[in-house]
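Here the structure is laid out as structure tokens; the discussion comes afterwards.
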Amino acid sequence: MGEFLRLGVCALGFGLLGCAAPRADLRARLEDPQPIERIRAVATVTEQRRTELIPALVDRLDDADVAVRLYTIIGLEKLTGTRLGYDYAADMFSRRDAVLRWRRAVATGEFRTPDGLAQGEARGSTQDAGDGPASESPDPGP
């Protein structure tokens, strides 16, 4: 039943693109010379909710292929709940600031995935699962 569901999601979510069979090195597939293979890798990362690969997805926001950028931002939005102002169709100079925001968010754990974890935070962490990273020192107040 799980395989049937996976195939159904692939057919509905990515239409004619199809879904590639699982491969050991998904990160390498995100850098494949063929755009369709990079798109399939993005789809797999998104479908499998591989949040540890968000930094590799962020690298694809600079992809030369507009379709790769489109599928990447859709995947990032599904994994994180935000686009951080990124427009896949904008020219390279206009995209630059949004890509920098994404890189900063990944580096600082600024955003949380829909499952409530900050990027890179392990389940069972003592950090509160609120809207942002825990502050380093409490406000002493008046």
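Nothing in this text is a laboratory measurement; each read-out follows from the coordinates by a stated rule. Keep in mind it's a predicted model, so treat the numbers as computed, not measured. Cβ placement follows ideal geometry from the backbone for every residue including glycine, while neighbour counts extend to all protein chains displayed.
Taking the criterion of being assigned to a helix (DSSP H, G or I), out of contact with any strand residue (DSSP E or B) (no Cβ under 8 Å at 6 or more places or on another chain) and over 16 Å from Ile36 (Cα atoms), the residues of the range 60-84 that qualify are Leu76, Glu77, Lys78, Leu79. Taken over the range 85-108, residues that are surrounded by 13 or more Cβ atoms within 10 Å (Cβ to Cβ), aliphatic (A, V, I, L, M) and assigned to a loop (DSSP other than H, G, I, E, B) amount to 1. Taking the range 38-54, which residues are farther than 12 Å from Arg27 by Cβ, surrounded by fewer than 16 Cβ atoms within 10 Å (Cβ to Cβ) and not basic (Lys, Arg)? Result: Gln48, single match.
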